[in-house]
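Structure, as structure tokens:
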Amino acid sequence: MKTWFITGGTPGGFGPTYADLALERGDNVVLTARRPQLLDAWARPHGERALVLPLDVTDAEQIRTAVRAAEERFGGIDVLVNNAGRGWYGSVEGTPDADVRRSFELNFFSVTELLRAVLPGMRARGSGWIVNMSSVAGLRSAPGFGYYSAAKFAVEGLTEELRREVAPFGINVLAVEPGAFRTRACSGFTDEPVSETVDAYLPFVESVRASMVGQDGTQPGDPRRGVRAVLDAMDQDDPPRRLVLGSAGYDAVHGQLTGMVEELSTYEAASRSADFPPEPQGVRSVPLAHR
């Protein structure tokens, strides 16, 4: 029996879906949310195997308190799912500075704080799983979500290095990159005003907002099928380092990577020309006295 610690437990999102499937496996679950009262009805049928904790993942002290509570209740954390996060739309030039910082605090720095809180226990036990919920936007920027994409790119880089560092301790690390899934992620944009500070970008930003609102409830991705794919990947003898979820997401990432490889090959000569010239092979200088 494993114990899962899952952030971002807002109903209708990936968090409760991870929790449901983990419980169906017979595991214990700690599900966190900023408004834990929304999860009371969800937790009640699961009794002692489900623990709901209040957590604002941008508060380092709350993170440490929640992790201690989980470890005291279940004896340790075997799987950490860094799921909490959301995007704010706006142009790169015109997004308010407060929104930029808020995006990185929620989507990147919270991940680092959770890792620092959970990894000591995993290292001590010599096993564990870290699942970092990134995004297709972490591999290919999403229009109008430049800073969200930048934060997810940062999560990708962090996850890549973390995987190398913790492998000797028996800890596995997986980056998950969902495309458009039928969660409630887009519903919040309906009543959220545009806060763009550069008028020249307003038509673009407003079109991004309209697109997000328009696709709410019609996204092709099924959260339950997506999480099932993640769990199946974790069960493999040789699990993947990253997993893209959704057909549209797969196509977008495949196109991005194919284009990058093609461009890399096109400019191979330019890339290689930046090195110092190689030393001539078989040429050895002869001392003057012997000439």
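Results, tabulated for the structure shown:
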item	result
Ranked packing of 103-112, 5-14, most packed first, by mean Cβ within 10 Å	5-14, 103-112
Ranked packing of 169-179, 87-97, most packed first, by mean Cβ within 10 Å	169-179, 87-97
Cα gyration tensor, segment 44-166 - rounded (a/c under 1.5), prolate or oblate	prolate
Whole-number accessible area per residue in Å² for the chain, which is evaluated in the context of all protein chains at 1.4 Å	54
Structure-derived Cα Rg over 2.2 N^0.38 Å: which label, when the choices are [x] 1.21; [y] 1.26; [z] 1.06	[x]
Cβ crowding within 10 Å averaged over residues, with 275-282, 254-261, 225-232 ranked highest first	225-232, 254-261, 275-282
Only Lys, Arg (+1) and Asp, Glu (-1) charged, at Cβ; the chain dipole about Cα centre in debye	720
Relative contact order, percent, the chain [alpha-carbon distance under 8 Å, six or more residues apart]	16
Estimated inter-spin distance, Gln256 and Thr65, nm [label 7 Å along Cα→Cβ]	3.7
Whether segment 130-239 is rounded, prolate or oblate, judged on the alpha carbon gyration tensor where a/c under 1.5 counts as rounded	oblate
Rounded percent of accessible protein surface that carbon and sulfur make up, the chain, 1.4 Å probe	53
Label-to-label distance, nm, for residues given as Ala233 and Asp56 (7 Å Cα→Cβ offset)	3.2
Span from the segment 1-70 Cα centroid across to the segment 205-263 one, whole angstrom	24
Charge dipole (debye, nearest 20) of segment 44-91; +1 at Cβ of Lys and Arg, -1 at Cβ of Asp and Glu	160
Label point distance in nm, Ser247-Asp222, each placed 7 Å from Cα along Cα→Cβ	1.2
Segment 74-162: relative contact order in percent, alpha carbon pairs under 8 Å with at least 6 residues between	41
Charge dipole (the chain, unit charges on Cβ, about Cα centre) - positive-most of Val100, Gly259, Thr159	Thr159
Dipole magnitude of segment 79-130 about its Cα centre (Cβ charges: Lys, Arg +1; Asp, Glu -1), debye to nearest 20	380
Length-normalised contact order of segment 1-146 in % [C-alpha pairs under 8 Å, at least 6 apart]	25
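The values are calculated or read from the model by the stated rules, or taken from the named source; none is laboratory data. As the structure is a prediction and not an experimental result, all values here were calculated from the model. Here Cβ is always computed from backbone atoms with ideal geometry, including for glycine, and neighbour counts include all displayed protein chains. Calculation scope for accessible area: heavy atoms of the full protein, side chains included, ligands and nucleic acids excluded. Shrake-Rupley method; radii C 1.70, N 1.55, O 1.52, S 1.80 Å.
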